[in-house]
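Computed from the coordinates by the stated procedures, all read-outs in this text should not be read as laboratory data. Quick caveat, the model's predicted, so the values are computed rather than measured. Virtual Cβ from ideal backbone geometry, glycine too; neighbours counted across all protein chains shown.
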Amino acid sequence: MKVICLTIVLGGLLSAAGMLQTVTGVITDTMCGAKHTMMKGQPDDECIRMCVKGTAEFALYDGKNVWKLSDQKVAAKFAAKKVKVTGAADPKTMTIKTVSMEASE
């Protein structure tokens with residue numbers, strides 16, 4: 001019985017590890033998405049920070065989709081910058097459960 005339980009747990013962990021993916025894009029916010037038109041004349045990073053002070057959240061724009069990010073604290077450091085985010089992406093909720101985030105070229 002213990003072997004069967006251990007096999008099921010290990011199988012689940014391996015499946016979860018296989019779901020991780022890396023997505024490259026620009027840190028934005030859920031209100032403006034790809035275009036920052038709310039604060040004309042202001043740099044994108046300032047617009048993002050102002051939107052996040054309200055009801056918006058930091059997000060990743062990959063060129064097609066806007067993904068909400070689970071790690072808001074790290075995303076704040078990269079406002080309007082290109083990054084690589086590794087995590088589990090859920091296309092139903094358009095959310096990435098962030099494992100790591102780093103600057104990208």
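Could you check, for the range 67-87, whether at least one of its residues is surrounded by 15 or more Cβ atoms within 10 Å (Cβ to Cβ), among the hydrophobic types (A, V, I, L, M, F, W, C), part of a loop (DSSP other than H, G, I, E, B) and without any contact (Cβ under 8 Å) to a residue 60 or more places away in the chain? The answer is yes; a qualifying residue exists. Hey, among the residues in the range 35-66 that are part of a loop (DSSP other than H, G, I, E, B) and basic (Lys, Arg), which one's surrounded by the most Cβ atoms within 10 Å (Cβ to Cβ)? The residue in question is 35.
On the given criteria, is residue 95 of a type in the set (S, T, N, Q), surrounded by 15 or more Cβ atoms within 10 Å (Cβ to Cβ), touching a His at 6+ places or on another chain (Cβ under 9 Å) and touching a residue at least 12 places away in the same chain (Cβ under 8 Å)? Answer is no for this residue.
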